[in-house]
Structures are given as C-alpha cells and as structure tokens.
1. For the stretch 116-161, which positions are away from ligand 1 (no atom under 16 Å from the Cβ), surrounded by 13 or more Cβ atoms within 10 Å (Cβ to Cβ) and acidic (Asp, Glu)?
2. Between a residue in the stretch 155-173 that is modelled with pLDDT of 95 or more and away from ligand 2 (no atom under 13 Å from the Cβ) and any residue that is hydrophobic (A, V, I, L, M, F, W, C) and not in a helix (DSSP H, G or I), which pairs come within a Cβ distance under 8 Å, given they are 6 or more apart or on different chains?
3. Which residue pairs have Cβ atoms closer than 6 Å, lie 6 or more positions apart in sequence or on different chains, and pair a first residue in the stretch 18-32 that is under 13 Å from Glu47 (Cβ atoms) and away from ligand 1 (no atom under 12 Å from the Cβ) with a second residue that is in a helix (DSSP H, G or I) and modelled with pLDDT under 95?
4. For Thr93, only one of the following conditions fails: (1) under 16 Å from Phe36 (Cβ atoms); (2) surrounded by 12 or more Cβ atoms within 10 Å (Cβ to Cβ). What is its number?
5. When you look at Arg74, is it of a type in the set (Lys, Arg) and either away from ligand 2 (no atom under 14 Å from the Cβ) or out of contact with any strand residue (DSSP E or B) (no Cβ under 8 Å at 6 or more places or on another chain) (or both), yes or no?
6. Is it true that Lys14 is surrounded by 13 or more Cβ atoms within 10 Å (Cβ to Cβ) and away from ligand 2 (no atom under 16 Å from the Cβ)?
7. Test Met1 against the criterion of being over 11 Å from Leu100 (Cα atoms), more than 12 Å from ligand 1 (Cβ to nearest atom) and not in a loop (DSSP other than H, G, I, E, B), and give yes or no.
8. Would you mention how many residues in the stretch 17-29 are of a type in the set (S, T, N, Q) and either away from ligand 2 (no atom under 13 Å from the Cβ) or out of contact with any Ser or Thr (no Cβ under 9 Å at 6 or more places or on another chain) (or both)?
Amino acid sequence: MDRGLVLINTGPGKGKTTAALGVVARALGHDLKVAFIQFIKSQDTGESRFLEEMATLKPGQVYYSRRGQGFVGRNPSQTDRELALEGLELAITLVDKYDLLVLDEVNVAMSLGLLEPSAVAEFIKNRPGTVNLLLTGRGCPDSLIPLADTVTEMLDVKHAFRAGIPARKGLDY
Ligand code: ATP
Ligand code: MG
C-alpha cells in the first residue's frame, strides 16, 4: 500500500470545500472509504445532503458528520471550542477505518483558536501510514505546511458576492 498523503486547501478564494468534494468523488469511484467531518459549519447544505445520502447507501464506506454551530465571532464560546475538539476526537476514532479523511474547515477552527495547531499536527503524524488526509479552510497555520505533501492556496481574483450576488444554492452551498 502507498503512503497516505496530506493535502491542504487554503487561501481566500472560493473552491476549498468544493475541491475536497471532488477528491471524495474520485476516491469513491475507486471504492475507497471516505469520512468527511465538517468543523464550524452547522448549515444543511447540498454537500451535507449528498454525503448523508451516500452514507446511508454505503454504510461503512462513507461517513459524514459535522461539529459546529455556524459563524464564530471574535470571542468564541465554550461550545465552539467543545465542538471543535469533538470534531478532532471524531477524526481520531475514525482514522483507522477510512482511506481518506476530509477535515473540512479545520483550518478555520485553528485560526480562530478553537483547536491548537499542535493537536492537529499530532493527529497528522500519528495517523496510520496509509491514510490520506485533506484539510480545508482559509488561514491554515504555517506550522502545518511542512507536514503536508500538497498545499493549494486558492486565490480570490473575483467573487460574485462582492458584486452583491448572494450565495447560490447548488453553487455555494
Ligand atoms: P466553496 O465551499 O464554495 O468551495 P470555500 O470552501 O473555498 O468555498 P469558504 O471559506 O469555506 O470557501 O466559504 C464558504 C462559503 O463562502 C461558500 O458559499 C463560498 O462560495 C463563499 N466564499 C468563498 N470564498 C469567498 C469570497 N472570497 N468571497 C465571498 N464568499 C466566498
Ligand atoms: Mg469551505
């Protein structure tokens, strides 16, 4: 078996989560086992519906769960911290059962101070050798970059939101 890789999608532009979902599609097409954990987010989205449906159709092959309560301001609550920790603990319990773990928005949880980057670093280092990890979210701490194999920074050249176009169902959520 090949060594598992660590991928990070970060930066201010759109596409971090959607690119992760593209990797999920690719992995499932090869019958890999995929767990997708969303930090921060609480919203029912197109991807959460899709992943929940896949998890029902393919129990044991697809797992989806989220641990968040939506927008986190400058003063995160105790609940915000607890949920972020729960997300990481969930990842720790799942990591030997899946080929690919996606920790969506985990970078945001770290940059907001909900999770210590060192705790995520330990998780990355201690994972079984063949497990692939994909971390998303803007503001990835610099300390994680040396642990990754592939790091992509999405560039925000232009976004419809700034032209007054609200988030679109099916495109943005
Ligand atoms: P997506 O989920 O669309 O791939 P993302 O994961 O790269 O986006 P996030 O920071 O998680 O970006 O943002 C989630 C939401 O904010 C999505 O609805 C996304 O379209 C929107 N968004 C992403 N980048 C921007 C931006 N630069 N300006 C405004 N809205 C953005
Ligand atoms: Mg995202």
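The values are calculated or read from the model by the stated rules, or taken from the named source; none is laboratory data. In this text, all values refer to a predicted model and were calculated from it rather than measured experimentally. Cβ sites come from the backbone with ideal geometry, for glycine too, and all protein chains shown count toward neighbours.
1. Glu116, Glu122, listed by residue number.
2. Sorted first by the residue in the stretch 155-173, then by its partner, the pairs are Phe161/Ala167.
3. none
4. For Thr93, the exception is condition (2).
5. Criteria met by Arg74.
6. It is false that Lys14 is surrounded by 13 or more Cβ atoms within 10 Å (Cβ to Cβ) and away from ligand 2 (no atom under 16 Å from the Cβ).
7. Answer is no for this residue.
8. Residues that pass the stated criteria total 1.
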